[in-house]
1. Percent of Cα-Cα pairs per 5 Å bin, from 0 to the last occupied bin, for the stretch 277-425, please list those.
2. Using alpha carbon coordinates only, what is the Rg to Rh ratio of the stretch 25-169, with Rh defined as the Kirkwood radius?
3. Please list, by residue number, every one of the GluC sites (Glu not before Pro) in the stretch 385-423 that is coil in DSSP and has at most 16 other beta-carbon atoms within 10 Å.
4. Would you calculate the separation in nanometres between label points at A164 and F311, each defined as 7 Å from the Cα along the Cα-to-beta-carbon direction?
5. Residue-wise, which Karplus ³J(HN,Hα) couplings in Hz belong to the stretch 330-344, taking 6.51 cos²θ - 1.76 cosθ + 1.60, θ = phi - 60°, and x for glycine or proline?
6. Which distance in Å, rounded to a whole number, links the C-alpha centroids of the stretch 272-289 and the stretch 106-163?
7. Of the DSSP beta bridges with both residues in the stretch 183-305, give the percent that are antiparallel, rounding to the nearest 5.
8. Please sort 363-370, 27-34 by packing, taking for each peptide the average over its residues of neighbouring beta carbons within 10 angstrom, highest first.
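Read-outs throughout are calculated quantities, based only on the coordinates presented, and are distinct from any laboratory measurement. The model shown is predicted, which means the values in this text are computed figures rather than measured ones. Positions of Cβ are backbone-derived with ideal geometry, glycine not excepted, and every protein chain shown enters the neighbour counts.
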Amino acid sequence: MARFPKILALLAALAAACTDKYAPPLAPLDAFYFPVGLAVRPLPSGKSALVVVSTNFDLRYDERRGGTVLSVDPDASLPIESDGTGGGLAVLGAVEIGSFGGELAWADAVDTGAAWRPPGSYCPELAGDPVLASGGAIVLVASRALLDLYRVDMDAAGGLSLGAGAVVQLPVQFLDPYGVTIACGSPGGVPGAHAYFTHLRGVENQGWLTRLDLRTGEVLPLAVGAGSTYTTTLDPRSGKLYVSTRLAVGNTLRWFDARPEPPVVDGIGFPPLHELSVSAIVTGGLTRDLALSNDGRFLYVSLQLFDAQAFALTGQIITQGGALAAFDLTPTPLNEPRLALYRLASTCYGAGQLRVLPPRPGRGDLIAVTCDVEGAMAIYDADVEKVVRYIGLDPVLGTPEFGRLPFGVAVEAIDPARAASPASPCGPGRACDRIYVASFEQNVVNIVELDPDDPTGAELVKRIGGVR
């Protein structure tokens with residue numbers, strides 16, 4: 001009997017040792033894992049860095065370090081073959097972040113010579129920053145798990161690093177930071193450079209934005225009405241920041257002028273808000289992603305359509321489809337956007353992200369919209385006001401060509417010499433655009449190429465990453 005306490009003590013010691021020494025595995029730095037945010041940056045070398053946020057969605061890896069931001073060369077990365085092999089990534093840089101990352105935004109301060117860059121990605125107000133002055137860029141992302149905001153430094157070759165002060169911890173009441181938009185400008189001659197982060201949840205249903213000063217690191221929470229915020233986009237011409245909300249009842253678009261400093265009370269900013277009731281225009285329409293037209297005339301909004309009657313009876317949102325709305329930004333006599341509904345077009349089932357492709361001289365916009373539920377992507381042509389190319393199920397296998405739950409999307413204009421395969425619709429002497437689409441559940445990024453003068457010929461030409 002004297003041995004029994006000793007055995008218990010030994011078992012307790014072993015249990016304590018196992019608990020103390022166990023460390024969750026770290027995420028791979030050469031693969032995608034539940035990717036969400038995508039961005040593509042033209043490098044000074046003429047190549048591109050495709051930047052991908054992996055979310056560690058199932059928490060297989062360490063919660064605090066299991067998310068990643070990878071920068072890869074999409075041209076040098078190996079294609080996934082028909083038998084599922086290949087797909088190896090040509091990694092330019094990688095950093096660890098917290099789990100459940102969100103959207104990406106990037107900005108640089110020097111001209112890389114690219115034919116086109118996303119709106120808002122040029123920030124001369126940061127020209128004195130040593131990373132940007134040497135041809136680098138900053139990449140911004142948030143962790144919903146840790147309530148952290150990250151500034152990731154990208155060098156001129158696409159390498160990534162986290163420097164001192166690169167992580168900002170938010171107070172616990174500012175939940176689920178997700179979307180991000182960079183706003184640069186010099187109102188009144190005073191240089192300004194800020195990032196605006198949305199919050200997918202808010203205490204007591206309050207809608208919040210977090211404004212991060214990219215020059216000083218100062219954080220200012222902004223109260224933007226009832227209902228949590230989903231994503232934002234900036235009109236650099238007017239300085240107005242547009243915000244979509246997640247309200248099922250009384251769904252709205254809100255906006256305010258981001259150039260002047262908002263009134264601040266007890267450390268919280270209260271920007272003067274304007275609001276449009278989308279529910280009054282499109283019954284059963286939830287606002288999701290936002291983007292401006294290339295000429296600044298329209299605000300494009302992806303809508304998740306649901307059964308409003310069933311919601312009223314059960315409180316459940318039953319998705320019925322997706323749509324793309326275009327709202328007129330023509331200013332009124334009060335210098336506010338008119339925001340009349342200009343057109344509404346069906347897309348596909350679900351609502352992922354939307355991106356406006358580079359401008360086509362003398363022609364209307366092309367818009368790529370991913371539909372996560374249906375596993376598809378639609379390309380909308382504003383010239384003919386309808387979807388002109390739909391990529392969904394493989395005609396032979398009957399499986400989604402983009403994989404399960406395609407969501408994140410990024411676009412760029414490329415030299416046709418960079419076309420991914422002989423089957424690419426891009427030919428010598430012709431314009432060529434690329435669309436990158438991430439499959440959330442299969443850890444893959446799909447590459448679509450098209451001649452913008454003939455978007456009906458858009459083709460999936462390459463897949464990189466690893467199928468799970």
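1. 2, 9, 16, 19, 19, 15, 10, 5, 3, 1, 0, 0
2. Rounded to two decimals, Rg over Rh is 0.98.
3. Listed in order of number, the matching sites are E385.
4. Each label point lies 7 Å from its Cα, and together they span 4.9 nm.
5. Listing the rounded values in order: 4, x, 7, x, 8, 6, 10, x, 5, 6, 6, 5, 8, 7, 9 Hz.
6. Each part reduced to its Cα centre gives a spacing of 32 Å.
7. 95 percent
8. 363-370, 27-34
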